[in-house]
Amino acid sequence: MNSMLHTYKALIITVLISSTVVLLAFNVHLKKKNELIAETYYELLPEDEITKEREEIAELIESLDEVLTNKAFNETKKFDDFEDEEFKNTMEKIRNRDSRDTEIQENSASESKETNMEDDASFENINDVIARRSGKNRKSEASSSSNTSKKSSVSFSLVDRVDEYLPPPIYLCENNGKVVVTINVDKDGNVVEASYNNASNSSDGCLVDHAIEYALASKFSADPSKSIQIGTITFYFKGK
């Protein structure tokens with residue numbers, strides 16, 4: 001009886017020792033495995049936030065193009081006179097946007113590089129736009145191109161006057177073309193008479209009617225020394 005009791009005790013002790021050894025070996029194995037695992041942390045922007053940022057970039061570029069497209073210029077002045085506050089402010093927004101998003105890209109881990117490649121291309125496009133819109137390049141474009149390539153949909157020729165209100169053409173007609181309107185401006189800057197000018201490259205009735213309507217609604221700076229001054233307004237219409 002005593003021998004069987006000793007046998008059971010020995011068996012229990014053996015099992016406990018074996019279990020302890022197995023647990024220790026398993027624990028050591030887990031520690032070694034954890035040491036081999038490289039932990040990588042990186043920030044991934046939510047998809048909706050990425051989409052929102054891309055939309056903001058597109059809106060900034062669109063607003064810049066709209067400033068250049070619809071800003072009227074006086075053909076009797078140098079083209080570089082039109083570096084106005086609105087243009088500067090728009091470029092500043094784009095520069096700030098470019099700088100802020102570049103910092104976000106630099107802080108991202110290697111796993112997010114592929115996602116950011118498209119954003120990098122967008123930022124490069126923004127920089128290209130800014131470079132093309134710089135004062136030096138704009139002046140060069142003006143001196144080497146015709147009126148139709150001056151990035152504006154409306155221009156006017158009126159010596160020593162500036163426009164206070166000159167509506168850009170709204171594209172409501174089927175056809176496109178350039179319509180030149182001869183205008184008579186009084187000393188207060190009001191357009192008192194407007195008529196079709198043969199320098200136009202289109203005689204489309206829809207274009208002409210709208211051009212004359214816009215011309216009569218225009219307003220220029222006052223000049224008491226000129227009771228009536230003759231000039232022209234040129235509208236560049238895009239078809240639907």
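Values in this text are rule-based calculations from the coordinates and carry no lab data. Predicted model only: the values in this text are computed from it and were never measured. Counting neighbours? That spans all protein chains shown, and the Cβs are built from the backbone with ideal geometry, glycine included.
Observations
- Each of ILE228, ILE212, SER202 was scored by the projection of its Cα onto the charge dipole of the range 153-237, and the greatest displacement toward the positive side belongs to ILE228; charges sit on the C-beta of Lys, Arg, Asp and Glu.
- When +1 charges are put on Lys and Arg Cβ atoms and -1 charges on Asp and Glu Cβ atoms, the dipole computed for the range 153-237 relative to its Cα centre reaches about 180 debye.
- Virtual spin-label span in nm between LEU11 and ASN176, 7 Å along Cα→Cβ: 9.7 nm
- Simple spin-label estimate for ALA25 and VAL192 gives 11.0 nm between the two label positions (7 Å along the Cα-to-Cβ direction from each Cα).
- Residues whose placed amide H lies under 5 Å from that of ASP223, excluding near-sequence neighbours: ASP188, GLY189
- Computed over the alpha-carbon atoms, the range 153-237 gives an Rg to Rh ratio of 0.97, Rh here being the Kirkwood radius from the mean inverse distance.
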